[in-house]
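Each reported figure results from applying straightforward, stated rules to the coordinates on display, with no laboratory input. Being a predicted model, the structure only gives us computed values, none of them experimental.
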Ligand SMILES: [Zn+2]
């Protein structure tokens, strides 16, 4: 099975595929051969943008390697524009993968969202510490599953 098997050029029941094929409206910021960049219809802050590959892959794991540079380059292009025009001091880039991680459209996308001082948006994290030997155990386990191709 090659890595394109799970991805399709278009899924007719997918909101982002319908935007890409102009069957649904969106505020398009720019596009190129592989990527469409739009405004999120329900922004965290005004100017919150989405970077969407023009290939229907449900999440980060399904994305073909060839799409990665274009997606991250596009995220940088739109982040520079948003930071410049809104005079931002900070922004977030993130992606939700899987329902339990908050993914709502199952076509991979990156969020680029403005941040403001005291905007009260935060991940509420309770950070852990590794117990004796646990960090090495997790590192060994992950290293055993690393596949570079
Ligand atoms: Zn799609």
- Query: Could you state the number of Å between the C-alpha centres of the stretch 34-59 and the stretch 75-118?
  - Reply: 9
- Of the convex hull drawn through the C-alpha atoms of the chain, the volume per residue in Å³ is 151
- How large, in Å, is the stretch 65-119 by the Kirkwood hydrodynamic radius built from its alpha-carbon pairs? 12.5
- Relative contact order (%) - criterion: Cα under 8 Å, at least six apart; region: the stretch 15-120: 29
